[in-house]
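As structure tokens, the structure follows; a few thoughts come after it.
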Amino acid sequence: MNATIPAHIAIMMDGNGRWGKQRGLTRSQGHYAGSQTMETIIKDSMKMGVKVLTLYAFSTENWKRPIDEVQYLMDLPGLFLTAKLPEFMANDIKVCISGDIEGLPPHTKEAVKTAIHTTKDNRKFIVNFALNYGGRNELLTAIKKIAQDLNDSNIVLEEVTEELIETYLFTSGLPDPDLIIRTGGEKRISNFLLWQSSKSQLWFTDTYFPDFNKDLLLQAIHEVNNRKSSEAAT
Ligand code: FPP
């Protein structure tokens, strides 16, 4: 296979709850299965040569879910990151978080801050968790900070460019995603990377996230590469 590997892939990991229900399990057990798939996909994408993998782990809308599910989704980052930190260090993997970190419960906040700090000098691969993330919230936060900086004369109006706006986003410093994948059958953007997705290829699969795998990842990459070559030929 001679595929062009996207530098940045973002995944909307949808379908965990339905995967659990289908097996007579709880939604949280579905999320646990999703976190195991996530672990495999991080390794697979790094081996393929992907540089940045963004994973939509918790949206600003997800707070409306039942309390026990929210609690479990807030426990998962700590459980996952604490277990994986030695491996991330050994493999030169940097952890980033895109989202409102201050709005997380204290134990989740502490776990993600520790992971960010510990891995900050790693260079080979970035795993970026979109956590307490919402595209509109990101834009609103950026607009308020820019307004404040204009008001404080830290910047002048002429300096407000697309490049400057990007430095105010939660994803500051990361390239835009080349490919956005959504599992679980729905074909919506769901408040994900609204600014950053302006040129991204979108790819959807009915497969629930816990069943997502390397073959589907390669299929997505192939299909978008084919799309791009037929676009270039016309
Ligand atoms: C959407 O599926 C998925 C989520 C809201 C959570 C995804 C989180 C993980 C896979 C693990 C995160 C782990 C870490 C360490 C950050 P859904 O619940 O909406 O599924 P449904 O569409 O079947 O209801």
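The values are calculated or read from the model by the stated rules, or taken from the named source; none is laboratory data. As the structure is a prediction and not an experimental result, all values here were calculated from the model. Neighbour counts run over all protein chains shown; Cβ positions are idealised from the backbone, glycine included. Accessible surface areas use protein heavy atoms only, side chains included; no ligands, DNA or RNA. Shrake-Rupley method; radii C 1.70, N 1.55, O 1.52, S 1.80 Å.
Here are a few things to note about the model shown:
- Relative contact order %, region 35-120, counting alpha carbon pairs below 8 Å whose residues are six or more apart: 29
- Computed from point charges on the beta carbon alone (+1 for Lys and Arg, -1 for Asp and Glu), the dipole magnitude for region 156-234 about its Cα centre is near 380 Debye.
- Among 35, 172, 59, residue whose mean-square fluctuation peaks in a GNM of the chain (springs only between Cα atoms under 10 Å): 172
- Label-to-label distance for residue 145 and residue 118 is 2.5 nm, based on points extended 7 Å past Cα in the beta-carbon direction.
- For q = 0.16, 0.22 Å⁻¹, Debye-computed log10 I/I(0) when each Cα of region 58-143 counts as one equal scatterer: -0.64, -1.06
- Within a Gaussian network of the chain (alpha carbon springs, distance under 10 Å), most fluctuating of 195, 203, 63: 63
- Square roots of 5 times each gyration tensor eigenvalue, C-alpha, the chain, largest first, Å: 27, 24, 18
- Packing, as the average of other Cβ atoms within 10 Å across residues, places the peptides 148-158, 117-127 in the order 117-127, 148-158, highest first.
- Share of carbon and sulfur in the accessible heavy-atom surface of region 91-234 [1.4 Å probe, %]: 51
- Exposure rank, largest accessible area first [32, 208, 133; 1.4 Å]: 32, 208, 133
- With coordinates expressed along the principal axes, the C-alpha atoms belonging to region 95-161 extend over 37, 28, 20 Å, beginning with the largest.
- In the chain, taking the dipole from charged Cβ atoms about the Cα centre, the farthest positive-side position among 134, 104, 85 is held by 85.
- Taking 0.36 nm per residue of sequence separation and removing the Cα-Cα distance, the residue 154/residue 194 pair yields an extension gain of 11.8 nm.
- Pairwise inverse Cα distances across region 164-217, averaged and inverted, put the Kirkwood hydrodynamic radius at 12.5 Å.
- Using a Förster distance of 25 Å, the FRET efficiency for residue 202-residue 43 (Cβ separation, nearest 0.05): 0.55
- When you restrict to C-alpha pairs under 8 Å that are six or more residues apart and normalise by the size of region 114-203, the relative contact order lands at 33 percent.
- Counting only DSSP H runs of at least 4 residues, each contributing -39500 (n - 2.57), and dividing by the residue count of the chain, the helix-based mean residue ellipticity at 222 nm comes to -15500 deg cm²/dmol.
- Accessible solvent surface per residue of the chain, calculated while the other protein chains remain in place, 1.4 angstrom probe, Å²: 51
- For region 78-145: lysine pairs under 21 Å (alpha-carbon distance), excluding those fewer than 8 apart on one chain: 11
- Our Cα-only numbers for region 130-234 put the radius of gyration and Dmax at 17.4, 52 Å.
- A Förster distance of 41 Å, applied to the separation of the beta-carbon atoms of residue 232 and residue 172, puts the FRET efficiency at 0.85.
- Set of aspartates and glutamates with alpha-carbon distance to residue 228 below 16 Å, sequence-local pairs under 8 removed: 178
- Of all aspartates and glutamates in the structure, those lying under 14 Å Cα to Cα from residue 187, and not within fewer than 8 positions of it along the same chain, are 14, 206.
- Highest mobility in the GNM of the chain, judged by mean-square fluctuation with C-alpha springs under 10 Å and restricted to 82, 114, 161, is found for 161.
- Listed residues 12, 46 arranged by accessible area, highest first, probe 1.4 Å: 46, 12
- A compact globular protein would have a Cα radius of gyration near 2.2 N^0.38 Å; the ratio found for region 1-46 is 1.44.
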